[in-house]
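Everything below concerns the one structure shown next.
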Amino acid sequence: MEQRIALVTGASRGIGRVCAQQLAAAGHKVVLAARQVEKLEEVAQEIRAAGGEATVLALDLANTASIEPALKQVLSEVGTVDVLVNNAGITRDMLAMRLKLEDWEEVLRVNLTSTFLVTQVLMQPMIRKRWGRIVNISSVVAQMGNAGQANYVASKAGLIGLTKTLALELASRNVTVNAVAPGFIETDMTAVLNDQIKEKLLALIPAKRFGSAADVAAAVSFLASDAASYITGQTISVNGGMAMV
Ligand code: NAP
């Protein structure tokens, strides 16, 4: 079988990095995208040292005009993308009453608008090949709401609606589109939470632990595989039982 190519955004650290490692271990050639090229190179080296194949793409998803040319360049170099993991995401937390428009817009741009733009380019080779997998990383807070995160929650809930709509549009082309909704996962994003908040959160998690990036990547790898060919438009929760929706 021809080697599949997977592109992971936000692959320089956290969940995206482990998704890329797992997809590489499963035999994909991976394209690692994010802003910090040096960190991406480190991840690529790790993947190569483990026997996998990886290339690096400098991409700032806040710069929406740069997305299409950057991805068309990738397509001209690697030929196609079979698996797309829209993982990159940011937070700019503040209670809604004081949330600045620029912080609302930046989070929506990076988390939601850029996911649409990346997908719009990379769905094209999938449609032509009649095979593709798109996985969008949402969040448990899209299902529950979260005080202080109106922008982030709106972006992550938007991803679930986008996932369902793209699933409807692409199902007949054998391209599946699903979301993964992680609970609280130990990465840089949650390292900023203080101990008091972490204790409150732990009390809400029946599994009594935070998740790992590997917990999330396992769901992503499954959705990217042939075994998941009849699953589309779904949101898979990886949250230790924190929300059951
Ligand atoms: P993280 O450790 O903060 O990593 C975020 C990744 O996104 C980095 O690789 C970062 O790379 C990239 N990124 C940020 N801004 C970018 C931009 N403008 N352009 C391109 N790449 C950008 O976060 P994480 O915890 O792994 O989260 C990964 C995804 O899971 C996010 O969508 C997050 O919302 C979601 N999630 C996380 C949790 C959690 O508890 N951690 C829970 C639910 C959902 P550079 O800095 O190199 O650009």
- HN-Hα couplings for region 187-202 via Karplus (6.51, -1.76, 1.60; θ = phi - 60°), in whole Hz with x for Gly/Pro, come out as 8, 4, 4, 9, 5, 6, 6, 7, 4, 4, 5, 4, 5, 4, 5, 4
- Message: Nearest 500 deg cm²/dmol is fine: what mean residue ellipticity at 222 nm does the chain get from its DSSP H runs of n ≥ 4 alone, each adding -39,500 (n - 2.57), divided by its residue count?
- Response: -14000 deg cm²/dmol
- Task: Quick one: compute the contact order of the chain, relative version, from alpha carbon pairs under 8 angstrom and 6+ residues apart, as a percent.
- Result: 19
- At a 1.4 Å probe radius, carbon and sulfur cover how many percent of the accessible area of the chain? 54
- Message: Whole-Hz ³J(HN,Hα) for each residue in region 19-33, computed from phi via Karplus 6.51 cos²θ - 1.76 cosθ + 1.60 with θ = phi - 60°, x for glycine and proline: what do you get?
- Response: 4, 4, 4, 5, 5, 5, 5, 7, x, 7, 7, 10, 10, 9, 10
- Query: For the chain, with every protein chain kept in place, what is the accessible area per residue (1.4 Å probe, Å²)?
  - Reply: 47
- For region 1-56, what ratio Rg/Rh do Cα atoms give with a Kirkwood hydrodynamic radius? 0.93
- Item | region 102-107 - phi-based ³J(HN,Hα) in whole Hz, Karplus 6.51/-1.76/1.60, Gly and Pro as x | 5, 6, 4, 5, 5, 5
- Query: Once you charge only the Cβ atoms, +1 for Lys and Arg and -1 for Asp and Glu, what is the size of the charge dipole of the chain about its Cα centre, to the nearest 20 debye?
  - Reply: 500
- Query: Among all the aspartates and glutamates, which ones have a C-alpha under 19 Å from Lys208's C-alpha, if same-chain residues fewer than 8 places away are not counted?
  - Reply: Glu186, Asp195, Glu199
- Query: For region 70-160, what relative contact order do you get, as a whole percent, if you take Cα pairs closer than 8 Å and at least 6 residues apart?
  - Reply: 42
- Taking every eigenvalue of the Cα gyration tensor of region 5-238, multiplying by 5 and rooting it, what semi-axes result, largest first, whole Å? 27, 19, 18
- Note on the structure: Sorted by chain and then number, the residues having a modelled amide H within less than 5 Å of the amide H of Ile236, at least 5 places away or on another chain, are Ala179, Val180, Ala181
- Item | Amide H contacts of Val31 (H built 1.01 Å from N, under 5 Å, at least 5 apart or other chain) | Ala6, Leu7, Val8, Thr55
- Listed highest first by mean packing, meaning other Cβ atoms within 10 Å per residue, what order do 232-241, 123-132 come in? 232-241, 123-132
- Check: region 19-156 dipole with +1 on Lys, Arg Cβ and -1 on Asp, Glu Cβ, in debye: 460
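The values are calculated or read from the model by the stated rules, or taken from the named source; none is laboratory data. Treat the numbers as computed from the prediction; the structure is a model and nothing was measured. Using ideal geometry, Cβ is built from the backbone for each residue, glycine included, and neighbour counts are taken over all protein chains shown. In case anyone asks, the SASA skips ligands and DNA or RNA and just uses the protein heavy atoms, side chains included. Shrake-Rupley method; radii C 1.70, N 1.55, O 1.52, S 1.80 Å.
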